[in-house]
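Reading through the structure tokens given below for one structure.
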Amino acid sequence: MFKRKLPLVLTFVGGVVMIMWFFIPRSNQPAQIFFTELTTRWMPIIGAFFLLIGLASLLKLHYAKIAHQREGWGYSVITFAGIAFMCIVGFGWGAKGVPLAKAYESVFIPLDSTMFSILAFYMASAAFRAFRARTIVATILLVTAFIVMLGRVSFGTSIWDGLPSFTEWIMTVPNMAQKRGILLGICLGMLATSLKIIFGIERSYLGSKE
Amino acid sequence: MATDIYVWIAALLTLSIYSFLYKDNPLYKAAEHLFVGASVGYSIVITYYQAVLPRLINPIFQEGDWVMIFPTLIGFLMVSRFFPKYDWLSRITIAFMLGISTGINLPLIIQASLLKQLQGTMLPMTDINSILIVIGVLCVMIYFFFSSEHKGIVNTTSKIGILFIMVGFGASFGYTVMARISLLIGRLEFLFGDWIHLIKY
Amino acid sequence: MKFWEMLSKLDRRIIFALVFLAVLLPLVFKMGLPIKGIQPPVKAIYDHIEKLPEGSTVLISITYSPSTMPELYPMTLAVIRHCFRQNIKVVCVSLGITGVGIGEMALQEAAKEYNKQEGVDYVNLGFQTGPVTLGMGQDIHKTYPTDYKGIKVAELPVMKNVKTYKDIGLIVDYTASGTGYIGTAVTMYNANLAVGVTAVGAADLYPYLQTKQIIGLMGGLRSAAEYELLIEKPDKGCIRMDSQSIAHLLILILIVVGNIAYFVTRRKRT
């Protein structure tokens, strides 16, 4: 009972107090001090624990894989080696040390950026295989993509001088209207969910156990 | 060809990832796991030096700011997630952060996104662009309105809505192509410039 | 007919090879294709910084990881260079842990060129946990007690008169998708915000541009190239546009050929 009620009460009180704070004039000093303390000192500390718990969960997962020698456990050893390496250069020479900067530049940057650059190949392949003008609406999509792709590169102006301006018009008028329509829908959804959380209707964050 | 050992390490890691283009292989998997490890390790170091040390350890132990023990305790309750018998304690921390964040965000969503965006749509219908924006926003919203059957006027407007949606998606696709190609350019520039010096600046 | 059937079943690795060549060859054999016209949202950022008085401060926010560096780094560097050229101070923060090193690289590179001093003309405050975009509106010194290198922010000359968003002439948020500053810095503290975003996220930010919640927008590599031209310092953004153009052309050809192959083979089947 207490295990579920207390978090619900905390969520409600926290939510209502913060909504009220929004309407308190900025000239009210105690309210400002309270909010500054909360956002600049309390929440970052608690946030750091969230981050550390996330990291610890990942370590636990890979440790279990190694301990039980599950399929691909050797790769988990590599993950641990990566963590250990970064920690050694980071804590050994400090955050401002050259070794951490070098490790960042020569290990982290190439791995991270190459991982995402692979998408260029698959996107080209998908454009060739799946981007078909089967219906009128699909054709509109295709034609718009065509114009935008041409309008943002050098060839665009060779074909038609007005193409960049026309592309800008697509972005600022029909595209903007579409994005706004969806954005308004998302906002209404977020508002409904926020209210459900504050009033304890949405309580999936409590988990299923008592 | 580069003589710098760091450039060689970066180049070999880059090639390991690209080996996936041929087919999935152990070299790619090893690089992928190294990436996860390196990113976690880097996060640990930065979080310690930038958050834990100046916010937690220094204020409490050097400056004697004992008030900071309270948020520390609230945060520390999250550790209970690793002990099934006591994991309900972590709900207190989650509830505290969730309640406050939701309370802060709720009026901001209304003001920053909802009201401002509605205001931006209330345009004087004096030129074609304003008319198109108003029609577009309304029709797109009606397209996603599923509380009544799409018949009659609702059907017509939602059909106009789908046209705007396709233009928007087309624009997003065009831009996505642009983005993905840019990322590839960056890597090839490194491999053929910094590593094997084929690209000259 | 057989040709089109064969084409529709083309091995994906051939397409990969074509993409590879379309990107690589323009980098090796520079073509210097012209970049004509500046997008108004890019020009708006340039104009805003031009109008800022000497000694004012621009906040550069790195909200991206190295994965999107080829797109966002050139525009990050271009704006920092512009600020240094105008003798504007730069305060850099990173909303994600993995972006801390990127901010450092960009600042060091530009500082060397314009002979700027760390701690006096610029600072990298690095990463912090918690709601930093809100916290900075209340007190930047409390939100970031130390800079990236562990020096107390209160001791830095560059931060002496920079306490909240009120002391900042412009925030430029470089992000892989959306920006967290609209709801907080702009709405609550009336800050001026410009956004540099990957092309993937650019289309989604146009509604905020129309309502003037953001004063300018740089979307993708093309915008970076335009900014480099505006500050008359063409660099990686401009160089990469050749490859970008040829690769776009290839993708367009692939779409056209793919469609022809599809319709020809479909007619045959029916």
Worksheet item: Can you list the lysines whose alpha carbon sits under 20 Å from that of B:LYS151, skipping same-chain ones fewer than 8 residues off?
Response: B:LYS159
Worksheet item: How large is the Kirkwood hydrodynamic radius of chain A, in angstrom, based on all distinct alpha carbon pairs?
Response: 24.2 Å
Item to complete: Using just the helices of the protein assembly as shown, give the 222 nm mean residue ellipticity in deg cm²/dmol: DSSP H runs with n ≥ 4 each add -39,500 (n - 2.57), and the total is spread over all residues, rounded to 500.
Response: -20000 deg cm²/dmol
Worksheet entry | Hz values of 3J(HN,Hα) by residue in region C:25-37 - Karplus curve (6.51, -1.76, 1.60), Gly and Pro given as x | 4, x, 6, 6, 9, 4, 9, x, 4, x, 10, 9, x
Discussion item. If you take every DSSP beta bridge fully contained in the protein assembly as shown, what fraction is antiparallel? Give it as a percent rounded to 5.
Written reply: 5 percent
Response to the item:
Cross-link reach from A:LYS5 to aspartates and glutamates, straight Cα distance under 20 Å and at least 8 residues apart if same chain, gives A:GLU202, A:GLU210, B:ASP87
Worksheet item: Does the protein assembly as shown come out rounded, prolate or oblate by the C-alpha gyration tensor, with a ≥ b ≥ c the root eigenvalues, rounded set by a/c under 1.5 and, if not, prolate when a/b is larger than b/c and oblate if not?
Response: rounded
Discussion item. With θ taken as phi - 60° and the coefficients 6.51, -1.76 and 1.60, list the Karplus ³J(HN,Hα) couplings across region A:161-175 in order, rounded to whole Hz; mark glycine and proline as x.
Written reply: 4, x, 4, x, 5, 5, 4, 4, 5, 4, 5, 8, 10, x, 4
Worksheet item: Viscosity 1.306 mPa s, temperature 10 °C: Stokes-Einstein D of chain B from its Kirkwood Cα radius, in µm² per second?
Response: 66 µm²/s
Discussion item. Please list 3J(HN,Hα) in residue order for region C:97-103, calculated via the Karplus relation 6.51 cos²θ - 1.76 cosθ + 1.60 where θ = phi - 60°; whole Hz, with x for glycine and proline.
Written reply: 4, 6, x, 4, x, 5, x
Discussion item. Please enumerate, by chain and number, the lysines with C-alpha under 25 Å from the C-alpha of C:LYS2, excluding those fewer than 8 residues away in the same chain.
Written reply: C:LYS268
Worksheet item: How high is the FRET efficiency from A:ALA84 to A:ASN28, r the C-beta distance, R0 60 Å, rounded to 0.05?
Response: 0.75
Worksheet, complete the sentence: Of all stretches in chain C that avoid GluC sites (Glu not before Pro) placed in a DSSP loop and having at most 14 other Cβ atoms within 10 Å, the longest is C:55-231
Response to the item:
Surpassing 31 Å at the alpha-carbon level, of the pairs A:LYS96/B:LYS116; C:LYS9/C:LYS30; B:LYS200/C:LYS149; C:LYS112/C:LYS163; A:LYS196/B:LYS85; C:LYS89/C:LYS142, are A:LYS96/B:LYS116; C:LYS9/C:LYS30; B:LYS200/C:LYS149
Discussion item. Under 5 Å between amide hydrogens, which residues at least 5 positions from C:PHE127 or on another chain qualify, with H placed 1.01 Å from N in the peptide plane?
Written reply: C:SER94
Response to the item:
The FRET efficiency for C:VAL28 and A:ALA130, from their Cβ-Cβ distance with R0 = 30 Å and rounded to 0.05, is 0.45
Discussion item. Pairs of alpha-carbon atoms within less than 8 angstrom and 6+ residues apart define the contacts here; what relative contact order does chain B have, in percent?
Written reply: 19 percent
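Quick note: the coordinates plus some simple rules give every number you see, no bench work behind them. None of these values were measured; they are calculated from a predicted model. All Cβ positions, glycine included, derive from the backbone under ideal geometry; neighbour counts span all protein chains shown.
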